[in-house]
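Asker: Quick one: the structure is below, and I'll ask about it shortly.
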Amino acid sequence: MFCCLKNCVNGFSLTPSVPIRVKESPIQLDTLHMGHEVVIVKGGQRACGSGCVLGNAPLVQNKAYFEVKLQQGGVWAVGLATRDTDINKVHGGVDKESWCLNSDGTVRHENVELYHLKTAPRESPTTDILVSTSSPDHIDNDIDKDGDKITAVMPVEGDVIGLAYDHVELNFFLNGKNMEIPVRSIRGTVYPALYVDDGAILDIILDNFRYPPPQGFEKIMVEQSLL
C-alpha cells in the first residue's frame, strides 16, 4: 500500500512554501462520498487506494463530458453512479446504482455484462467486443451488424477515457475515439464514478480536456448549491 500511495502523491507536496493553487471550479472528487480506503490528492483530481469515489457535482445538464486518465494500471473502473451505490466496492456496475467500464474488459450494470472486451496485445489494431444478450434494453442491435462482434481497443496505462452523457446514453471514448459501447437506461441523479484497487491511479479531468468533447457536449456545469 505504501508503494501505491507514494506513486499516488508523486508530484504533490504538503510543504508550506509551495503556493496553493486556487481552483477556478469547485467541481472535484468528493471526499464525503468515497470508500473508506480511497485516497484523494492533487486538489481532488486524483484517486488511488481501494474503493469508489464520486464527483461532487451531478450531471444535470443536457450534454455533459469529462475525462479520466489511467495514470497507473491495476484494478479500476470508470462510469456513472448515484449516491446510493456501494462506494466500498472496487468494481463498477456490480449494483443497480452504477454503470461502468472495468479494467477486466467488461461494461457492467447490476452485475450484468452489457459488453465484454477481449483484451489483446497493444500492437494489435483492434480488440474484439462480445456483446451480451442478457440485457437487451441496454444494447442497440444496429451496433452488431456482422453477428456477435464489433471492434475497439481496451484502455491501457497512459490512455485517456472520455465519458459523454446526454440522459439518453453514456458513451465512452478512448483517446478521443468513440468506443461504440453505448450504455442506456441510466436512471436517477448520477455522478462521475471512479473505482481503484491493486495500485490503480486515476486522474479525473474536468476542464482543459486532452481531446475535444463530442459536438454539443461541455464540461460538467456547476450547480448553484456548489457556488
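The values are calculated or read from the model by the stated rules, or taken from the named source; none is laboratory data. In this text, all values refer to a predicted model and were calculated from it rather than measured experimentally. As a convention, Cβ positions derive from the backbone with ideal geometry for all residues, glycine included, and neighbour counts pool all protein chains shown. Only protein heavy atoms, including side chains, enter the accessible area calculation; ligands, DNA and RNA are left aside. Shrake-Rupley method; radii C 1.70, N 1.55, O 1.52, S 1.80 Å.
Asker: Can you pull out every residue in the range 152-163 that is over 12 Å from Arg210 (Cβ atoms), touching a residue at least 60 places away in the same chain (Cβ under 8 Å) and surrounded by fewer than 20 Cβ atoms within 10 Å (Cβ to Cβ)?
Answerer: Hits for the range 152-163 are Val156, Glu157.
For every residue, the table says whether it meets (1) aliphatic (A, V, I, L, M); (2) in contact (Cβ under 8 Å) with a residue 60 or more places away in the chain; (3) open to solvent by less than 10 Å² (accessible area, probe 1.4 Å); (4) closer than 25 Å to His116 by Cα.
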site: Phe172; (1), (2), (3), (4): no, yes, yes, yes
site: Asn178; (1), (2), (3), (4): no, no, no, yes
site: Val190; (1), (2), (3), (4): yes, yes, yes, yes
site: Ala193; (1), (2), (3), (4): yes, yes, yes, yes
site: Asp198; (1), (2), (3), (4): no, yes, no, yes
site: Ile201; (1), (2), (3), (4): yes, yes, yes, yes
site: Gln215; (1), (2), (3), (4): no, no, no, no
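Asker: Could we say that Leu70 is in contact with an Asp or Glu (Cβ under 8 Å, 6 or more places away or on another chain), at pLDDT 95 or above, of a type outside the set (S, T, N, Q) and open to solvent by less than 10 Å² (accessible area, probe 1.4 Å) here?
Answerer: Judged against the criteria, Leu70 is a match.
Asker: Tally time: how many residues in the range 113-122 are open to solvent by less than 10 Å² (accessible area, probe 1.4 Å) and either modelled with pLDDT of 95 or more or touching a helix residue (DSSP H, G or I) at 6+ places or on another chain (Cβ under 6 Å) (or both)?
Answerer: 2
Asker: Hey, can you tell me all the residues within the range 184-227 that are among the aliphatic types (A, V, I, L, M), touching a strand residue (DSSP E or B) at 6+ places or on another chain (Cβ under 6 Å) and closer than 25 Å to Arg46 by Cβ?
Answerer: Within the range 184-227, Val190, Ala193, Leu194, Val196, Ala200, Ile201, Leu202, Ile204, Ile205, Leu206, Ile220 meet the criteria.
Asker: Out of the range 149-179, which residues are at pLDDT below 95 and more than 14 Å from the chain's Cα centre (by Cα)?
Answerer: Listed by number, the residues that qualify are Lys149, Ile150, Thr151, Ala152, Val153.
Asker: Filter the range 35-62 down to the residues that are in contact with a helix residue (DSSP H, G or I) (Cβ under 7 Å, 6 or more places away or on another chain), open to solvent by less than 20 Å² (accessible area, probe 1.4 Å) and assigned to a strand (DSSP E or B) and list them by number.
Answerer: Val41, Arg46, Cys48
Asker: Looking only at the range 74-112, which residues are crowded, with 19+ Cβ neighbours inside 10 Å, within 14 Å of Asp197 (Cβ to Cβ) and polar (S, T, N, Q)?
Answerer: Those that are crowded, with 19+ Cβ neighbours inside 10 Å, within 14 Å of Asp197 (Cβ to Cβ) and polar (S, T, N, Q): Asn102, Ser103.
Asker: Whether any residue in the range 85-95 is among the small types (Gly, Ala, Ser), within 23 Å of Tyr211 (Cβ to Cβ), assigned to a loop (DSSP other than H, G, I, E, B) and modelled with pLDDT of 95 or more is what I want to check.
Answerer: yes
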